[in-house]
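Trainee: Here it is: the structure, laid out below.
The values are calculated or read from the model by the stated rules, or taken from the named source; none is laboratory data. Model, not experiment: these values are computed from the prediction. As a convention, Cβ positions derive from the backbone with ideal geometry for all residues, glycine included, and neighbour counts pool all protein chains shown.
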Amino acid sequence: MIKDYDIEKFENFNNSEHKENIEDFHKNRIAFIIWKKQVLFLKNSALSHSQWAQSLGIDIKEFNCLTRGYVLNNNIVFYKGNFDFDEQVIEDAKYYSDTIKTECSLNFAKVYAGVIVGEVGTIYPPNKYLFDL
């Protein structure tokens with residue numbers, strides 16, 4: 001079951017170091033959202049996916065149902081909700097990975113579903129390896 005994204009936990013930081021670490025991660029990754037059967041990209045931005053989605057007019061209910069993810073270090077990571085994955089996320093990974101690889105100018109990529117949520121302010125490792133491109 002996909003849990004809803006926890007805005008309180010992941011966006012309201014009491015610790016400035018955590019906030020800085022997350023913003024650095026966001027600036028270094030290429031974020032994507034699959035919305036209306038298109039892959040939208042966000043590069044060089046400290047915005048979280050939920051902040052970006054809100055700027056696009058996507059409400060939190062719809063956001064929790066959208067497959068999203070990021071590209072970093074030749075890894076493409078797909079998830080939705082609270083960094084979870086289901087069969088739809090895996091199907092989206094199979095369908096959209098080639099497009100993402102091309103748009104991000106990757107020579108090769110490892111594709112994953114979900115992340116293992118750890119301590120706030122750290123980078124979460126991918127959960128399930130799916131395939132190489």
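Trainee: Has the range 76-91 got at least one residue that is within 17 Å of Y5 (Cβ to Cβ), of a type in the set (S, T, Y) and modelled with pLDDT of 95 or more?
Mentor: The answer is yes; a qualifying residue exists.
Trainee: Let me ask you something else. Just to verify a result, which residue in the range 5-27, among those that are modelled with pLDDT of 80 or more and exposed (fewer than 14 other Cβ atoms within 10 Å of the Cβ), is farthest from Y124 (Cα to Cα)?
Mentor: Applying the filter and picking the extreme gives K27.
Trainee: Looking at I30, I58, I76, which one is surrounded by 21 or more Cβ atoms within 10 Å (Cβ to Cβ) and either in contact (Cβ under 8 Å) with a residue 12 or more places away in the chain or not hydroxyl-bearing (S, T, Y) (or both)?
Mentor: So the residue among I30, I58, I76 that is surrounded by 21 or more Cβ atoms within 10 Å (Cβ to Cβ) and either in contact (Cβ under 8 Å) with a residue 12 or more places away in the chain or not hydroxyl-bearing (S, T, Y) (or both) is I76.
Trainee: In addition: Name the pairs: first residue in the range 117-132 and over 19 Å from D98 (Cα atoms), second residue charged (D, E, K, R) and exposed (fewer than 12 other Cβ atoms within 10 Å of the Cβ), Cβ to Cβ under 8 Å, at least 6 apart or on different chains?
Mentor: V120/K9; G121/E17
Trainee: How many residues does the range 42-55 contain that are surrounded by 14 or more Cβ atoms within 10 Å (Cβ to Cβ) and not in a loop (DSSP other than H, G, I, E, B)?
Mentor: Residues meeting the conditions: 7.
Trainee: Report, by residue number, each residue of the range 57-90 that is of a type in the set (D, E, K, R) and in a strand (DSSP E or B). Break it down into steps so the answer makes sense when it comes.
Mentor: Narrowing the range 57-90 to residues of a type in the set (D, E, K, R): 59, 61-62, 68, 80, 84, 86-87.
Once the filter is applied, which keeps residues that are of a type in the set (D, E, K, R) and in a strand (DSSP E or B), the range 57-90 yields R68, K80, D84.
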